[in-house]
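**Student:** Structure provided below as structure tokens; questions to follow.
Here, each number is a calculation from the coordinates, and none is a lab measurement. All figures in this text were calculated on a predicted structure; none of them were measured in a lab. A quick note on method: Cβ atoms are made from the backbone with ideal geometry, for glycine too, and the neighbour counts reach across all protein chains shown.
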Amino acid sequence: MAAGGHPQGRRSELAANLAAVRRRIAAACADAGRAEGEITLVVVSKTWPASDVHHLAALGVTDVGESRDQEAAAKHAGCADLGLRWHFVGQVQTNKARSVAGYADVVHSVDRARLVSALSRAATAARRELRCLVQVALDDSPGEIGPRGGARWDLVPRLLDALVAAPGLVAGGVMAVAPRHADPARAYARLAEIAADARRQVPGAVDVSAGMSGDLEAAVAAGATHVRVGTAVFGSRPPLR
Ligand SMILES: *Cc1c(COP(=O)(O)O)cnc(C)c1O
């Protein structure tokens, strides 16, 4: 990028990191007997500037993810001409539904009925269609929503039904974040069972969003269709402000 952007060195750095991530995905697919085309790499650009997203688009990235509305809305506005698909992967406050529905193509983090209603109203008003994944909490906490977001597993069928019935929304599948200190292979195996149930319930709900920089191999082995990778592409994140 020109004025105010990163030097050309930044694009080389991102290119090298991106190539390494793509090699990891390819190797994980080879190990799992899966085709690379089954995996969508969502590059999670939270905390990183729009200039990085411009570099990534030039490097062939098609899908980017964000987790905070205010930052995402501004970055999307600065990248509107790049033809990217925007994934919202963070917890959505109900009062941010209207904003998120204005730029997101996919929301990975739908975990309660009130959010389904709010996103549906917002998508309809904006005349947009939002693909929505039900985020599942995999940490066995008793509450309806887990500590890092996500619906308790037994509430997933109801949320899928709500998505199917909601104008402006499409029930796309399920998403999870592996619990801290958990074995990701076990966590994602559990998600795979929940995903299989989801597909039986709603045939179009085929997306399985799982896997981050540290554990994408385990996610691909367990059937992920979307991996959400930040740090391995950008480097260590500046601290969240
Ligand atoms: C930040 C974030 C990621 C990416 O995590 P990295 O460890 O940086 O790859 C993935 N999923 C969600 C929900 C996130 O908030």
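**Student:** In percent, how large is the relative contact order of the chain, given Cα pairs closer than 8 Å and 6 or more residues apart? Write down the numbers at each step before the final one.
**Tutor:** Details: 458 pairs, mean separation 45.6, N = 241.
Relative contact order for the chain comes out at 19 percent.
**Student:** Measuring from centroid to centroid over Cα atoms, what is the spacing of the stretch 52-82 and the stretch 136-150 in Å?
**Tutor:** Here the two parts' Cα centres lie 29 Å apart.
**Student:** Now, a different point. Determine the percent antiparallel among the DSSP beta bridges restricted to the chain, to the nearest 5.
**Tutor:** Values: 1 of 28 bridges.
Rounded to the nearest five, the antiparallel share is 5 percent.
**Student:** With Cβ to Cβ distances under 9 Å as the rule, what net charge do the other residues near residue 139 carry (K, R +1; D, E -1)?
**Tutor:** On the way: positive: 148, 180; negative: 140.
Here the count lands on +1.
**Student:** Using just the Cα positions, wrap the chain in a convex hull and report its mean projected area in square nanometres, one decimal place.
**Tutor:** Details: hull surface 50.7 nm².
That works out to 12.7 nm².
**Student:** Taking Cα pairs under 8 Å and at least six residues apart, what relative contact order does the stretch 113-201 come out at, in percent?
**Tutor:** On the way: 125 pairs, mean separation 28.7, N = 89.
Dividing the mean separation by the residue count of the stretch 113-201 yields 32 percent.
**Student:** For the stretch 194-239, what does the alpha-carbon gyration tensor say about shape, rounded, prolate or oblate, given a ≥ b ≥ c as the root eigenvalues, a/c under 1.5 as rounded, and a/b over b/c as prolate?
**Tutor:** Details: a/c = 4.02, a/b = 2.63, b/c = 1.53.
Prolate, since a/c reaches 1.5 and a/b exceeds b/c.
**Student:** Moving on. How big is the stretch 104-241 by the Kirkwood estimate over distinct Cα pairs, in Å? Mind showing how you got there, number by number?
**Tutor:** On the way: mean 1/r = 0.0657 Å⁻¹.
When all Cα pairs of the stretch 104-241 are included, the Kirkwood radius is 15.2 Å.
**Student:** Shifting gears a bit: How large is the helix-only mean residue ellipticity at 222 nm for the chain, computed as the sum of -39500 (n - 2.57) over DSSP H runs with n ≥ 4, divided by its residue count, in deg cm²/dmol to the nearest 500? Please report the intermediate quantities before stating the final value.
**Tutor:** On the way: 9 runs with 101 residues, N = 241.
Computed mean residue ellipticity for the chain: -13000 deg cm²/dmol.
**Student:** Round to the nearest 0.05 the FRET efficiency obtained for residue 30 and residue 105 when R0 = 45 Å and r is the Cβ-Cβ distance. Show your work: numbers first, answer last.
**Tutor:** Details: r = 29 Å, r/R0 = 0.65.
Efficiency computed from Cβ-Cβ geometry: 0.95.
**Student:** Please compute, for the alpha-carbon atoms of the stretch 45-157, the extent along each of the three principal axes and give them in descending order in Å.
**Tutor:** Its Cα atoms span 44, 31, 21 Å along the three principal axes.
**Student:** Let me ask something else about it. Assuming 0.36 nm per residue, please report the length gained on full extension of the stretch residue 15 to residue 164 beyond their Cα-Cα distance. Could you put the intermediate results ahead of the total?
**Tutor:** Values: separation 149, 0.36 × 149 = 53.64 nm, distance 3.90 nm.
Length gained between residue 15 and residue 164: 49.7 nm.
**Student:** I've got another one for you. Report the residue, chosen from 61, 110, 220, that carries the largest GNM mean-square fluctuation when the chain is represented by alpha-carbon nodes joined by springs under 10 Å.
**Tutor:** 61
**Student:** Let me ask you something else. What residues have an amide H closer than 5 Å to that of residue 230, excluding those fewer than 5 places away on the same chain, when H is modeled at 1.01 Å from N in the peptide plane?
**Tutor:** The answer is 44, 213.
**Student:** Which value in nm describes the separation of the simple spin-label points at residue 128 and residue 141, placed 7 Å from the Cα toward the beta carbon?
**Tutor:** So the two model labels end up 2.8 nm from each other.
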